[in-house]
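All remarks here apply to the structure that follows.
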Amino acid sequence: MKILAVTACPTGIAHTYMAAEALQKAADKLGLKIKVETQGAMGLENILTARDIACADLVLIASDIEIEIEQKDRFLGCQVRQVSLESVLLDASAVLKTATVGV
């Protein structure tokens, strides 16, 4: 299963990157493929390409803020799950397990 994720927090500093790292580690342990785009103070990093999106089984938005509208539009037609950053930071494995049910 190929999962894409976007992480973003209000200040765009610590939690954005902590959540990205937590998702990556949890995906590795669960045997899932994941690519995480961060939308932080440094701007967009590890940007999800059109090819990434076309091949994805699931898009996970881990954010406590609204991501840019044009950023959401790229995921039209994809299975998208929205979760809080807090839930990812508390238990990224549980978030991934729940998000992938039925995909």
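The values are calculated or read from the model by the stated rules, or taken from the named source; none is laboratory data. Since we're looking at a predicted model, the values are computed, not measured. Because the Cβ atoms are built from the backbone with ideal geometry, glycine has one as well, and the counts that use them run over all protein chains shown. Accessible surface areas use protein heavy atoms only, side chains included; no ligands, DNA or RNA. Shrake-Rupley method; radii C 1.70, N 1.55, O 1.52, S 1.80 Å.
The figures follow:
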{"read-out": "Largest to smallest accessible area among Asp52, Asp28, Asp57 [probe 1.4 Å]", "value": "Asp28, Asp57, Asp52"}
{"read-out": "Hull volume in cubic angstrom per residue (convex hull over the Cα atoms of the chain)", "value": "84 Å³"}
{"read-out": "Theoretical gain in end-to-end length, Asp91 to Ile47 [0.36 nm per residue, Cα-Cα removed]", "value": "13.4 nm"}
{"read-out": "Rounded percent of accessible protein surface that carbon and sulfur make up, the stretch 44-103, 1.4 Å probe", "value": "52 percent"}
{"read-out": "Cys78, Cys9, ranked by accessible area, largest first (probe 1.4 Å)", "value": "Cys78, Cys9"}
{"read-out": "Accessible area in square angstrom per residue, the chain, 1.4 angstrom probe", "value": "55 Å²"}
{"read-out": "Protection-proxy order for peptides 13-26, 85-98, each taking the mean of Cβ atoms within 10 Å per residue, highest first", "value": "13-26, 85-98"}
